[in-house]
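Chemist: Can you keep this structure in mind? I'll have questions shortly.
Only the coordinates and a few stated rules stand behind these numbers; no lab work does. Please read all numbers here as calculations on a predicted model, not as lab measurements. Cβ coordinates were reconstructed from backbone atoms using ideal geometry, including for glycine residues, and neighbour counts include every protein chain displayed.
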2 protein chains.
Amino acid sequence: MTVKKIDLNTSILANNEMWAKRNRELFDAEGIFAVNLMSSPGSGKTTILEKSLDYLTPQLKLGIIVGDIATTEDANRLKGQGAPVVQINTHGACHLDAQMISGALSSFNLKELDLLIVENVGNLVCPADFSFGEDLKVAVLSTPEGNDKVRKYPEMFRKSHAVLINKIDLISFVDFDLNRVEEDLKNLGSRAEIFPMAAKTGQGVDVWCQWLIRQVRKTG
Amino acid sequence: MTVKKIDLNTSILANNEMWAKRNRELFDAEGIFAVNLMSSPGSGKTTILEKSLDYLTPQLKLGIIVGDIATTEDANRLKGQGAPVVQINTHGACHLDAQMISGALSSFNLKELDLLIVENVGNLVCPADFSFGEDLKVAVLSTPEGNDKVRKYPEMFRKSHAVLINKIDLISFVDFDLNRVEEDLKNLGSRAEIFPMAAKTGQGVDVWCQWLIRQVRKTG
């Protein structure tokens, strides 16, 4: 069984890699910077996006893809904020793959986009294995989840270029030691930028957005 | 690609079903009641188990299996509390399957067990598809995750026999409406028992444990 599973995964991952390469070529041709935003369910990805759009849309032309197993609630929350939003319902699948993103790209006018942000399915495991051709992987970790998550879900955090520590306003009510998270990231060999924030109140969102804009401009 | 994926999943699920049936026969033969405890990362599964053992071990002979992608931290937290604990490291796999549980069962003296509790990998998606032959599926949802999770991860909540609403002590700091969760569960056709609790302080853990003990005795 173990061997069989590995074979199946290899074929699925190879297929994903092929679609990711196609997306990457398209992003390069159109000058689009792409971000894969990932976390556990309920870490605050959609709220971070809501608040980030206020900073990003005056400076960049954005497109948003939102992945969910069911409902269009996240897409509805993000509409009318100056960026086109496309919802992908995975109907049970635990992550977005590069082929799903490729399909969603046809809904955008790619010539007009500077930055594409993809909000992945809430899952700290599976999305880490499926790149879609993005420039940056960004992981969100909220303080109520606990500071053991970097150690317990190492693949996600090892691969992330930035880690947003959300719900920092709750830190005094939960056992969360930011130093421990920084130490665990170092132990994984990570050089990720760390951005503490409270997306609900807006605290810290500006610093993350300024950094993101710099990343887009560097490659643009 | 889609068709291929479905074929692969069918074969994996059929294999899991075969192992789940074997486990089920073993549980029946040995008079063991088995619980599958599932949630997002950081909802508080291990803390709930820590506090529940105080109520359960004086009345029942327990065994615990803990699933994690990496580390043995959860198992270490649970050791020395009157129940044998076995850690399964999935090395990247996003859920426990019935074959993994079968392998772990050989570490217990099954004749001595009344209740087996399996703490699954932190993931609100994949574990819902992989029964291991359990009597009860129990989902944990913590208030900081938000009250949209039942709608957004319907498969997990539709299949659960009990839902533990953890971190109820944080409810005034986060947007969480318990009535909305109850309504969403009804809309899914769920008849799950709902247990609000704050495992960190112990609030509500007794009510959940008394209910669980009744379930074990009913079938015993």
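Chemist: Taking a label point 7 Å from Cα toward Cβ, how far is B:S11 from its twins in the other copies, in nm, shortest first?
Modeler: Those separations, rounded to one decimal, come out as 0.6 nm.
Chemist: Same structure again: Students often get this wrong, so check it: of A:K79/B:K186; A:K167/B:K137; A:K21/A:K149; A:K21/A:K51; A:K61/A:K218, which have C-alpha atoms separated by over 27 Å?
Modeler: Table pairs above 27 Å Cα-Cα are A:K79/B:K186; A:K167/B:K137; A:K21/A:K149; A:K21/A:K51.
Chemist: In chain B, which Cys residues have no partner Cys with a Cβ closer than 4.7 Å?
Modeler: Cys with no partner Cβ under 4.7 Å: B:C209.
Chemist: Can you pull the Rg over Rh of the range B:120-161, Cα-only, Kirkwood?
Modeler: On the Cα set of the range B:120-161, Rg over Rh gives 0.94.
Chemist: In Å and from the alpha-carbon atoms only, list the Rg and Dmax of the protein assembly as shown.
Modeler: Taking only Cα atoms of the protein assembly as shown, I get Rg and Dmax of 21.7, 67 Å.
Chemist: Pop a pseudo-label 7 angstrom from the Cα along the beta-carbon direction at both A:D175 and B:S107 and give the gap in nm to one decimal.
Modeler: A separation of 2.2 nm, rounded to one decimal place.
Chemist: Once the label point is placed 7 Å from Cα along Cβ, list for B:E30 the distances to the corresponding points in the other copies, in nm, shortest first.
Modeler: Result for B:E30, in nm, nearest copy first: 5.6.
Chemist: Nearest 0.05, what FRET efficiency do A:T10 and A:N89 give at R0 = 25 Å with Cβ-Cβ as r?
Modeler: It comes out at approximately 0.40.
Chemist: Then there is this: Distances longer than 25 Å among the Cα atoms of the range B:32-219: what percent of all pairs is that?
Modeler: Everything past 25 Å amounts to 29 percent.
Chemist: Send over the semi-axes of the range A:9-57's equivalent ellipsoid, whole angstrom and largest first, taken as the square roots of 5 times the C-alpha gyration tensor eigenvalues.
Modeler: Here the semi-axes work out to 27, 19, 4 Å.
Chemist: Pairs of alpha-carbon atoms within less than 8 angstrom and 6+ residues apart define the contacts here; what relative contact order does the range B:32-219 have, in percent?
Modeler: Numbers: 366 pairs, mean separation 49.6, N = 188.
Relative contact order, the range B:32-219: 26 percent.
Chemist: Next question, about the same structure. Antiparallel as a % of all DSSP beta bridges within chain A, to the nearest 5?
Modeler: Among the beta bridges of chain A, antiparallel pairing accounts for roughly 5 percent.
Chemist: The range B:142-220: which trypsin sites (Lys or Arg not before Pro) are DSSP loop and have at most 14 other beta-carbon atoms within 10 angstrom?
Modeler: Loop-located and lightly packed - B:R191.
Chemist: Follow-up question, since we're still on this one. Would the range A:28-119 count as rounded, prolate or oblate if I go by the C-alpha gyration tensor, calling it rounded below 1.5 in a/c and otherwise prolate when a/b exceeds b/c, oblate otherwise?
Modeler: oblate
Chemist: Placing a label point 7 Å from Cα toward Cβ, how far apart in nm is B:E73 from its equivalents in the other copies, listed shortest first to one decimal?
Modeler: 2.8
Chemist: Please give the contour-minus-distance gain from A:D206 to A:L188: 0.36 nm per residue of separation, less the Cα-Cα distance, rounded to one decimal in nm.
Modeler: Here the segment from A:D206 to A:L188 would lengthen by 3.7 nm.
Chemist: On to the next question. On average, how many beta carbons from a partner chain sit within 10 Å of the beta carbon of a residue in B:169-179?
Modeler: Across the residues of B:169-179, the mean count of other-chain Cβ atoms within 10 Å is 2.
Chemist: At 222 nm, what helix-only mean residue ellipticity would chain B give, in deg cm²/dmol to the nearest 500, using -39500 (n - 2.57) for each DSSP H run of four or more?
Modeler: Helix-only estimate at 222 nm: -12500 deg cm²/dmol.
Chemist: Multiply the residue separation of A:N76 and A:E17 by 0.36 nm, subtract the distance between their alpha-carbon atoms, and state the gained length in nm to one decimal.
Modeler: Numbers: separation 59, 0.36 × 59 = 21.24 nm, distance 3.03 nm.
My answer for the length gained is 18.2 nm.
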